[in-house]
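What follows is a set of notes on a single structure, which appears directly below.
The values are calculated or read from the model by the stated rules, or taken from the named source; none is laboratory data. Being a predicted model, the structure only gives us computed values, none of them experimental. Note that we place each Cβ from the backbone using ideal geometry, even for glycine, and neighbour counts take in every protein chain shown.
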Amino acid sequence: PATREARLFGMGEGLQDLEFNGGAVGQLVDGRLAFAGVRGVNLVDPGRVDEPIAPAPLRLLSVRLGNRADGEGALWPPASLRVRAGEDLVRLRIGTLDFAPSAQPRYRYRMVGFDSDWIDNGSAREITYTHLPPGHYTFRAQSTDRSGRWSNRELQVPVTVDVPLWRHPAVLVLVALALLAPLVFAGWQWHKRRLRERSHLEDMREREDRLKLALWASGEQFWDYHLTEGTMHRLRAEDRGEGATQDLGVETMLERDHAIHPDDLERVNAQLRRHLQGELPVFESQHRVADGAGGWTWIRARGRVVERDGMNRALRIAG
């Protein structure tokens, strides 16, 4: 009663039977306790201190990983376990090497790295795990001795669960590269296209600057006449900075009533027809046009056909 400990006795310790008569108990004058049963009397001396029995070793008796038996039936099962990828079932069988009739061990276990605490398995010796995540674990198991106390002789087995192929770092890197490759290629193409567009815009800007300078230096105008629409676009350079070429501007004018002096109209049309028919490589004419203020201005026009339709008819002349 002082230590609140109990000791279990079985047939191996000399019990007359596992069945006793109710109330058939007494204490002798020498302090021994008498217990009467169906087959006799058992005397127990509570003052006698027996030497503690060494706890029986706990062993891993068999292992089944998925559909594969590892060490099952072998004299010495493996000291460590390796669970391959795809083996979702781990079944272990443990047992103490105590074959006395009174030995009634209980078991508890835990998978360090997966279980948060010990799991009491009672007297069952089979232990099953399913779908263990990949990683490294240590399987620990303990059993009780004949007095019912947990033994300090512990079973420890390292367990390694392999990473599936599709979760291997190298495979993940290859998949990431395969997913990123189209994006990188598209980005590279977009960058090249942007560079080409920028170069094209710079070329256009440079040509525009050259056109400005040419128009400003020569005092001429660029014209573009649409034969089908009867409209003319004219461009001329303007000096906006007192002769500073960097301040040159281009003025675009649209004329729908391009008036030619009546005395010059027939000669201009004749020159134009000869050019359109291919007799003259270049249209060239000196004639008078209305200046918009009620007067007439002499101009010298020079140009050629720049656009034709599918029937080879001229659509635009520029010069």
Got a number for residues in the range 116-151 being more than 23 Å from PRO55 (Cβ to Cβ) and without any contact (Cβ under 8 Å) to a residue 24 or more places away in the chain?
1
Could you tell me which of the residues ASP263, ASP257 is at pLDDT below 75, among the charged types (D, E, K, R) and over 60 Å from the mean Cα position of the chain (by Cα)?
ASP257
